[in-house]
1. Which of the aspartates and glutamates could a cross-linker span from K260 if the Cα-Cα distance has to be under 18 Å and same-chain partners fewer than 8 positions apart are dropped?
2. Can you pull out the GluC sites (Glu not before Pro) in region 313-396 that DSSP calls coil and that have at most 11 other Cβ atoms within 10 Å?
3. Taking the Cα atoms of region 138-368, report the difference between the largest and smallest coordinate on each principal axis, in whole Å and largest first.
4. If R₀ is 22 angstrom, what is the calculated FRET efficiency for the pair K85 and S457, using the beta carbon separation as r and rounding to 0.05?
5. Would you mind checking which residues have amide H under 5 Å from Q475's amide H? H placed 1.01 Å from N; only 5 or more apart, or other chain.
6. Over the Cα atoms of region 376-531, how large are the radius of gyration and the largest Cα-Cα distance (Dmax), in Å?
7. What net charge is computed for the residues neighbouring T323, neighbours being all others with C-beta under 15 Å from the C-beta of T323, Lys and Arg scored +1, Asp and Glu -1?
8. May I ask for the distance between the Cα centers of region 354-391 and region 394-421, given as a whole number of Å?
Amino acid sequence: MQKEPASPEKQASLSHPLTDDTKITDCDLGDLSIRVSLVSLLKTITFNVFQGDFEKWRDFLVTDIISDSRKARDGTLFLAISGIKTDGHLYVRDAYDCGCRIFVTERPVELPEGCLVLGVHNTTSAQNALVRRFFGYPERELLLIGITGTKGKTTIVHMLYDALMACGMEAATIGTTGVRHRDFHRDLVNTTPDMNVLTRYFYLLRRRGVNVVAMEVSSSALKGQRVDGLLFEYAVCTNIGYDHISPIEHSDFNDYRESKAKLFSMANTSILNFDDPSYTYMKAHAAGKTISYSLQPSSGADIWAVDLHHSYEEGKGASSSFTAHGLEESDVMISAPGDHNVANALAVIAVMHQMGFQPNQYRDALRSNKIAGRNEFLDTFQGVIMLIDYAHNGMGMRAVLEMLTGLKRENGRLMVLFGAVGGRAKNRRRDLAEAVSQFADVAMVTTDCPYDEDPKSIMDEVLLYMTDFKGELLQEIDRHRAIHQMVDLAREGDIILFAGMGDDNTRTFSGVTVPYSEKAVILEAVEARKARKKSF
């Protein structure tokens, strides 16, 4: 499973980094100036001819490969991708009308004479092969680190980024927070994009001088074959919880877990959480070397943590300290409290060890690492601790609430504002409600991001699972008002968790997406209370 070396010519072509102000919109690389003959591209797939004279087209120079008919033009090759929500075969005529004349489909389609339609068994698999060939396999010149799991992916990706940059590597991230390299940033629609988008970013990042990419790999991407064909030098498993079970995601837990496990068959080295119930299952699917990490000193894992301490200091925020043993012997401090974050840090240390780096090279980077919307402590106001976190499923909520319980002060209350996302695994509603009911003293049920569901019906379902809650239960469908109410209710010594939205910058209601900032609304609420001169 070794990577093929890039040719000297390819290396030379990637030796001129793009400037930070290069205009890239929606992964639009502008005029690529790439021309690849059709016959050369097609050497990577098996196909038959549905329509047209292949010999007439074999030497045609393809200028781009697309699956969005709106981007079609003369010279492009259109792939009709059969997705969950739509079918690209319905848009072949639109692509034709925009100038496209070469199509790859899974079934015959009706198009005018004068074009070429090639048939394949699976257009997603064909796309993976064709687009990588078109861009010259840029992923082969990048060290890829894939992170999967129910929670912790984003945290590990950003910890790795900071640690790698501190060690002199040119790193980039791909995931929930978008594509990032230094001051370059682009948002993504999906945590893990399809191969067409991924390869374009690999191409761009390589031209920017990047040599290692830490990326989140979602279960949906693995199941949907979006990353098939990639080789990961390292793959990390954080944990596997009961999540993403829905008609548009996974049929059951076994399907979810099996999809996650696929990543480790694509990696040279797998870094696995020994404490997770799915550890043995994941290890059985690993094709290469495995490294285990654990919070239990007697587990027999390759690296473990002892002497865990979590703290919060006004003006400085929260932190965790621990001592790593096994692969590395080192005292470590991270800027996010909680056992789950210590586990995330152990996974990062394991990867860095395998890459040949010592903790003293990146210790400061781990200590200063902060991620917007993840364990983000806001400035304490009049003795109230306020925290924004992306916790949007039961496992994530339970982890952050366990951590906050350890920070509770005498006579202080743990207050939680949360909702449940629409159009996703409905078991989250029960799991979130049960976690909040177990730990919170005050709970505010509100709207998260409902998508096409009725916000009131989502709230009502969450409330059904909170009938045994012993604390103060509140509900407010308008999230802005709910935040203001929670800030008004707080008193000195309380902790408020604003859960679910994290640093997401939009919310979607019945197909309409609107700008949003959780942090801005919280600060607005604090200022409003200050203006009324109401002390906590």
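1. D194, E216, D228, E233, D243, E249, D252, D275, D276
2. Working: sites: E313, E314, E328, E329, E376; in loops: E314, E328, E329.
Of the GluC sites (Glu not before Pro), the ones in loops of region 313-396 whose Cβ has at most 11 other Cβ atoms within 10 Å are E314, E329.
3. Taking the Cα atoms of region 138-368, the three principal extents are 44, 40, 35 Å.
4. Numbers: r = 21 Å, r/R0 = 0.97.
Efficiency, from the Cβ-Cβ distance: 0.55.
5. Those lying under 5 Å, H to H, from Q475 are V445.
6. 14.4, 45
7. Numbers: positive: R363, R367; negative: D307, E328, E329, D331, D339.
Residues close to T323 contribute a combined charge of -3.
8. 17
Just so you know, all these numbers are worked out from the coordinates, no wet-lab data involved. Everything numeric here is computed off the predicted structure, so don't read it as measured data. Cβ sites come from the backbone with ideal geometry, for glycine too, and all protein chains shown count toward neighbours.
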